[in-house]
Amino acid sequence: MPPIFPILALGLGVLVSGYLFIDWIRHGRRSRVFLYWALALFLIYWFQVPVILTSLGRTVTVPDFNVFFALALPITFLALVLIYWGVLDALRIRLTPRAKALFGLWFLSALIFFGYHFIVRGGIIETYALPLAGNVVFYLPIRLLIIATLARWLLRRTSSALYGILGASGVIGESVLGLVRNFLIVKNVLIYPPQLWYLVLSSLEIFFILQTAGIILLVMGFFFFHRMHYRTLL
């Protein structure tokens with residue numbers, strides 16, 4: 001597979017991440033939302049590096065792949081959590097104490113799950129637990145939370161703010177494409193032995209096309225929320 005799509009997604013994410021981080025510093029480090037989103041964009045697509053390297057002719061061993069993906073899965077999950085925190089901050093939504101406690105317990109369970117696979121098992125993938133549970137138990141809920149939070153905010157708005165509508169639509173669009181990608185992973189991984197799940201992923205060109213579309217939508221969403229924040233103060 002030509003590396004154009006993973007390179008484009010990774011490069012665009014890092015570039016816009018740098019812009020948001022510099023903008024956060026330039027405005028006195030007040031708007032945490034843009035710090036959250038800068039970190040999220042920097043982290044979310046690094047798992048594509050082995051795919052890019054192999055597409056360019058570099059040799060990457062199976063243990064290298066396993067360790068890299070075992071690390072990249074929790075990093076990607078953290079990026080999604082940062083996107084969600086940024087959405088809450090941008091929309092000035094405050095979770096109830098109970099919701100905070102439940103979210104904290106779920107986040108802690110994710111840390112334990114990913115930590116076990118990366119630290120205790122050394123990144124060795126011998127079962128379907130890591131790719132399947134990672135997608136179904138952790139990626140799926142956080143994406144649904146992002147979609148539900150933004151959709152509820154849009155439905156409750158009494159005025160039509162174009163920047164807000166476009167920003168929310170972009171982030172929701174990326175989350176929907178993310179759900180489609182999660183479905184593709186689960187569907188295709190089950191066909192092969194779990195040790196070869198990364199080969200399945202690297203051979204799905206549609207996966208990387210959807211990722212490139214997703215990063216464009218995410219950048220668009222962040223851009224319009226950025227404009228909305230500084231021009232209308234939400």
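Points to keep in mind about this one:
- Those helices (runs of 4 or more DSSP H) lying entirely in the stretch 1-68 with at least 3 residues at pLDDT 75 or above: 4-26, 32-43
- Here Gly104 fulfils each of the conditions (1) at pLDDT 90 or above; (2) in contact with a Gly (Cβ under 8 Å, 6 or more places away or on another chain) apart from (2).
- Counting residues in the stretch 90-104 that are touching a residue at least 24 places away in the same chain (Cβ under 8 Å), of a type in the set (Phe, Trp, Tyr) and under 25 Å from Gly173 (Cα atoms) gives zero.
- Residue selection: Arg143 satisfies the criterion of being charged (D, E, K, R), over 14 Å from Leu73 (Cα atoms) and in contact with a Leu (Cβ under 9 Å, 6 or more places away or on another chain).
- A residue that is within 30 Å of Gln195 (Cα to Cα), modelled with pLDDT under 90 and not aliphatic (A, V, I, L, M) occurs nowhere in the stretch 154-162.
- Among the residues making up the stretch 96-133, those that are assigned to a helix (DSSP H, G or I) and among the small types (Gly, Ala, Ser) are Ala99, Ala101, Gly104, Ser109, Ala110, Gly115, Ala129, Ala133.
- Residue list for the stretch 175-222, filter: of a type in the set (Phe, Trp, Tyr), farther than 20 Å from Leu43 by Cα and at pLDDT below 80: Tyr192, Trp197
- The listed residue being modelled with pLDDT of 95 or more and on the phi < 0 side of the Ramachandran plot, out of Ile125, Ile172, Ile112: Ile172
The values are calculated or read from the model by the stated rules, or taken from the named source; none is laboratory data. What you see is a predicted model; the values in this text were computed from it and never measured. Cβ sites come from the backbone with ideal geometry, for glycine too, and all protein chains shown count toward neighbours.
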